[in-house]
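Working notes, structure below.
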Amino acid sequence: MIYFQVLANGLILGGLYACIAVGFSLVWGVLNVINILHGTFVVLGAYVAWFAYAYFGIHPFVSVVIAGAILYVIGHAIQAGLINRVIAAPVLITLTLTFGLDLMLNNAMLVAFTADYRQVNLANPLPAIIIGPVFLPGDRVAAMVLAFLLTGLLWRTLRDSKIGRAIVAVRMDREAAALMGVPVARINAITFGIGALMAGAAGALLSIVYPISPINAPIFLGKAFIVCVIGGLGSVPGAMVGGIALGVVEAFGAFWFGPEHALTISFGLLLLLLFVRPGGILGKKGYE
Amino acid sequence: MKNWLILLAGTGVLALLPLLGDNYLMRLATMVAMYVILAQSWNFIGGLAGYPSFATAGFFGLGAYTSAVLQGMGVPLFASWGAGGLAAVIFSALVGGAILHLRGHYFAIASLVTVEVLREIVNTTPDITGGGMGLNLPIMRMTVAEHATFFFYSMLAVAFACMACAIVVHKSKLGFALRCIQQNEDAANILGVNAYLYKTIGFGFSAVFAGIAGAIYASWVHYIEPPDVFDVLISVKPLVMVLLGGLGTIFGPVIGAFILLTFEEFVWRTFLTVHAAALGVIIVALVLFLPNGVLSLTREKLGLRRRAAGEKR
Amino acid sequence: MTMTHKVFSAALVASLLAFGASGAAAQDVIRIGAPLPLTGPLSPEGLKQQRGYDLWAETVNAAGGITVGDTTYPVEIVYVDYASNTPRAVQTAERLITEDRVNFLFSPFGSGAAKAASSVSERYGIPTVAATASSAEVYDQGYQYLFGTFTPNDTLTEPLSDIVTSANPDVKRVAILARNDLFPLAIAQEMEKSAQARDLEVVMFERYAIGTMDHSAAVTQMRAAQPDWVFATGYINDLILIRRQLADQGVDPAVITMIAGPAYREFIEAGGALAENVSSAAWWHPAVRYDGEDIFGTTENFNAAWEARYGGEADYAEASAAAAGAILQLAIEKAGTIEPSAVRDALASLDVETFYGHVRFGETGQITSLEPPVFQIQNSRPTVVFPEAIKQADFLFR
């Protein structure tokens with residue numbers, strides 16, 4: 001059955017979308033910052049993995065940790081040094097700020113790495129898993145599984161750790177959290193750092209799937225944006241559901257109506273969802 | 001009255017520009033006029049009513065394609081421009097009816113998505129629009145100077161009409177209603193303001209001039225492609241211009257348009273491959289270190305809007 | 001309030017005027033404007049063109065300059081980045097002509113931008129050479145001042161179809177996947193015609209949107225259609241991804257052809273083992289052999305100059321950029337003046353041999369005299385398989 005193959009395509013794609021989006025969703029939900037830098041963070045993570053593989057032979061799956069750590073530091077510094085200064089300003093102002101920062105960082109990457117596309121070509125790629133008529137590319141599946149593990153780990157951290165609960169508290173009510181003694185500025189920086197960490201990790205995973213170049217950043221940002229809206233802002237399970245929903249819809253849309261219509265269909269679905277359920281599939285009611 | 005004088009004087013001075021005989025300066029001035037139109041258009045819905053619309057590129061592109069397709073069918077130039085504006089208004093009414101009940105982020109996203117949908121529709125109907133191959137417009141047989149002057153005056157005339165319309169609206173019941181909606185939409189509804197109607201009208205104003213500007217733009221460049229006229233930057237720039245100049249004011253968008261174009265032109269000339277970063281530095285510096293320049297006029301209003309929109313913070 | 005507004009606007013008008021007053025240098029060099037996408041999505045292409053133009057300009061200036069009548073002018077290329085944004089490319093063209101006072105123009109990259117910018121140079125009557133625009137649609141507006149160094153798209157798909165069908169009559173089913181963009185779509189449509197003319201069955205013809213991140217659905221469809229020949233068009237990013245996803249789902253047809261990307265070393269580096277046996281066609285290849293009258297002379301000389309300047313071999317885009325300069329130079333020398341309309345006439349009547357191939361422009365201004373070679377990646381090198389005269393290896397089927 002060819003539909004199983006299409007479904008498998010959609011699920012694998014969706015897993016990667018979820019991983020790209022989860023950090024973006026966290027930052028948007030908790031800080032109310034639409035982080036235009038997110039796509040560039042993903043690409044930066046992919047470059048970390050590429051350099052690690054090209055010069056030290058480190059497998060990109062291992063580089064997930066390295067890329068995550070580097071991006072965390074960058075994200076934390078940007079939030080603590082710059083965005084926190086205007087965090088109380090309306091969302092359009094912080095959006096403009098991250099837009100300006102993105103112009104700088106992306107341009108710097110373009111100058112440093114050039115726009116030439118690079119790709120991690122693994123010396124020993126995982127073999128494809130063939131189940132009946134369904135082809136599952138080994139490395140993609142592995143990347144997707146790792147993406148889910150990471151996202152699950154983030155979800156547990158938010159639920160169970162002290163810092164995680166502080167983040168959730170800030171998300172729910174910033175003023176009340178401050179009154180309860182939560183160091184809001186520090187939590188902001190940590191949250192933004194975690195958002196960047198997830199972007200970097202996603203980038204490292206994507207490095208074996210997609211060609212790497214600074215000019216791909218807007219594509220990743222766009223996907224993160226859509227996934228967030230479909231799933232609901234600031235929620236980790238929401239990003240996962242949104243990512244998978246988008247992946248599956250795109251796969252079937254492209255299969256039935258032709259690849260040129262895949263985008264139109266997913267946008268149409270998004271509009272429809274906004275009418276019916278503006279908070280996203282898993283969004284809470286009244287959360288506008 | 002003072003507003004009218006400023007507008008007339010400003011337009012009058014600009015109208016003398018062709019006397020200098022510098023075609024490139026005229027191109028820049030035409031672009032300033034186009035930016036003014038786009039910024040002022042956004043201001044109707046974004047500045048007055050507090051609805052952060054990203055639909056500007058949709059209106060612009062729809063106007064461009066409507067007039068281009070009609071001209072290909074032999075419709076005269078000015079009629080096709082009018083039709084471009086009309087198409088944008090009709091579209092805004094249809095879409096506005098559907099998405100204006102959303103607020104805050106969600107309205108922003110929905111309006112952004114309408115642009116993407118329009119672009120993909122144009123992309124996938126090659127028989128009418130040329131699709132990804134783009135669309136040619138009839139070439140005008142006139143000299144370089146005539147060409148530059150004609151499009152400069154056309155754009156300037158629309159900018160003037162748009163500004164005049166803004167002055168009227170700001171003073172009118174519509175302007176008052178839109179400001180009420182921005183400050184507290186629920187209260188406005190309770191007080192008997194038909195918020196939905198006024199929002200839709202405001203959205204229509206933000207469409208008509210952007211549509212005409214798109215139509216003129218298409219004739220100006222002779223050849224349009226979907227990624228060019230449905231460019232997301234066409235939606236983002238008006239917002240930046242209005243924020244730079246002053247949200248919800250009459251001349252703020254004009255000032256913002258001048259500032260943005262001047263910055264763009266300056267960094268673009270000065271830095272060959274790092275002009276994007278240079279523009280980024282300027283934007284970041286403005287937001288961080290000159291908050292009075294950017295925020296003083298806007299913080300209060302945006303703050304009120306956010307509370308009105310009931311966003312959770 | 002209003003007073004500050006007025007002062008502010010006045011200052012801005014003044015600053016705009018100041019921009020207007022700059023430029024206008026004395027005429028002791030030949031200035032050529034080159035709007036290029038040095039940043040943004042097309043920047044790899046922009047940098048290639050820049051390398052080609054630079055090599056030409058440096059070679060000319062090292063030889064003393066271009067001889068026009070009894071004076072010799074050095075050349076200067078004025079680069080402006082248009083950030084891969086077509087409206088900005090149009091604006092750039094006007095700025096170069098009116099402010100920087102360039103004598104001639106090189107088109108921006110690709111069919112779409114070249115077409116959009118050509119309306120400006122046409123109005124000002126500035127001879128313009130497009131180094132990277134092949135689609136016939138670019139030249140269909142009746143413009144007098146636009147000249148292109150790429151032959152129409154069917155000159156690529158015809159020899160490709162010839163060699164594939166003659167070498168392997170078992171290839172019968174063709175699947176075409178095209179990026180929905182001026183050049184990739186135009187060449188895919190030519191491929192469809194070439195295939196139909198040879199009684200090949202086109203079992204699939206799909207377009208994908210610009211910025212597509214995943215081709216798995218198209219590849220699944222392709223697998224179901226069981227093609228012998230997969231023909232994919234797009235730019236290097238798209239093609240690397242498509243090649244990888246074909247392998248992911250085990251689609252392994254006898255022939256995989258991709259345009260335009262495989263000629264670039266970046267494609268071979270990024271594609272790795274998957275790049276092997278991918279075939280393509282381009283307007284030029286370092287293996288062609290011509291004995292030109294231009295500044296570079298023979299193709300071997302050009303290759304040596306390139307090697308000395310940049311290392312490695314030039315690809316067709318880089319060579320075409322250098323050729324655009326060399327061709328313009330021939331026209332200027334032939335005209336004996338830098339007066340635009342005279343140079344335009346000289347370009348239109350040009351009929352000479354160059355390192356790049358024979359140069360003669362057709363009615364529309366597009367070159368008609370090239371014979372684009374077909375090549376295939378073999379052992380990580382683009383290897384010419386057609387035409388016979390310069391063939392380096394046989395076409396390999398899977």
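The values are calculated or read from the model by the stated rules, or taken from the named source; none is laboratory data. From a predicted model like this one, the values you see are computed outputs, not experimental measurements. Every residue, glycine among them, receives a Cβ derived from its backbone with ideal geometry; neighbour counts consider all protein chains shown.
Observations, loosely collected:
- Segment B:187-227 - residue that is of a type outside the set (A, V, I, L, M) and without any contact (Cβ under 8 Å) to a residue 40 or more places away in the chain and, of those, farthest from the other protein chains (Cβ to nearest Cβ): B:192
- Those residues of segment C:103-138 which are more than 13 Å from the chain's Cα centre (by Cα) and more than 12 Å from chain B (Cβ to nearest Cβ), in sequence order: C:103, C:104, C:105, C:127, C:128
- Inclusion of residue A:192 among residues that are in a helix (DSSP H, G or I) and within 12 Å of another protein chain (Cβ to nearest Cβ) is not warranted.
- If the condition is being crowded, with 20+ Cβ neighbours inside 10 Å and more than 30 Å from residue C:90 (Cα to Cα), then segment B:202-227 contributes B:202, B:203.
- The set of residues in segment C:56-102 that are within 14 Å of chain B (Cβ to nearest Cβ), on the phi > 0 side of the Ramachandran plot and among the small types (Gly, Ala, Ser) comprises C:83, C:84.
- Selected residue (criterion: nearest to residue A:122 (Cα to Cα)) from residues of segment C:209-254 that are at the interface with chain A (Cβ under 7 Å from one of its Cβ atoms) and of a type in the set (D, E, K, R): C:248
- Flag for residue A:234 being modelled with pLDDT of 85 or more and crowded, with 24+ Cβ neighbours inside 10 Å: no
- Whenever a residue of segment C:239-250 is in the same structural domain as residue C:266 (by TED's automatic domain parsing), its partners that are surrounded by fewer than 22 Cβ atoms within 10 Å (Cβ to Cβ) and assigned to a helix (DSSP H, G or I), lying with C-beta atoms within less than 6 angstrom and at least six residues away or across chains, give the pairs C:243/C:274; C:247/C:274; C:249/C:223.
- One residue alone among B:196, B:217 is within 26 Å of residue C:84 (Cα to Cα) and in a helix (DSSP H, G or I), and that residue is B:217.
- Under the condition of being surrounded by fewer than 21 Cβ atoms within 10 Å (Cβ to Cβ), modelled with pLDDT under 80 and closer than 28 Å to residue B:182 by Cα, the residues counted in segment B:247-301 number 11.
- Segment C:156-211 - residue that is of a type in the set (S, T, N, Q) and assigned to a helix (DSSP H, G or I) and, of those, surrounded by the most Cβ atoms within 10 Å (Cβ to Cβ): C:161
- Subset of segment C:71-88 [part of a helix (DSSP H, G or I) and within 17 Å of the chain's Cα centre (by Cα)]: C:86
- Residue check, residue C:398 of a type in the set (D, E, K, R) and either within 16 Å of residue C:66 (Cα to Cα) or part of a strand (DSSP E or B) (or both): no
- Extreme residue, farthest from the other protein chains (Cβ to nearest Cβ), among residues of segment B:100-152 that are surrounded by fewer than 18 Cβ atoms within 10 Å (Cβ to Cβ) and not hydrophobic (A, V, I, L, M, F, W, C): B:127
- Subset of segment C:39-55 (residues that are over 13 Å from residue A:116 (Cβ atoms) and either at pLDDT below 90 or at the interface with chain A (Cβ under 9 Å from one of its Cβ atoms) (or both)): C:39, C:40
- Within segment A:95-121, being part of a loop (DSSP other than H, G, I, E, B) and more than 9 Å from every other protein chain (Cβ to nearest Cβ) holds for one residue alone: A:120.
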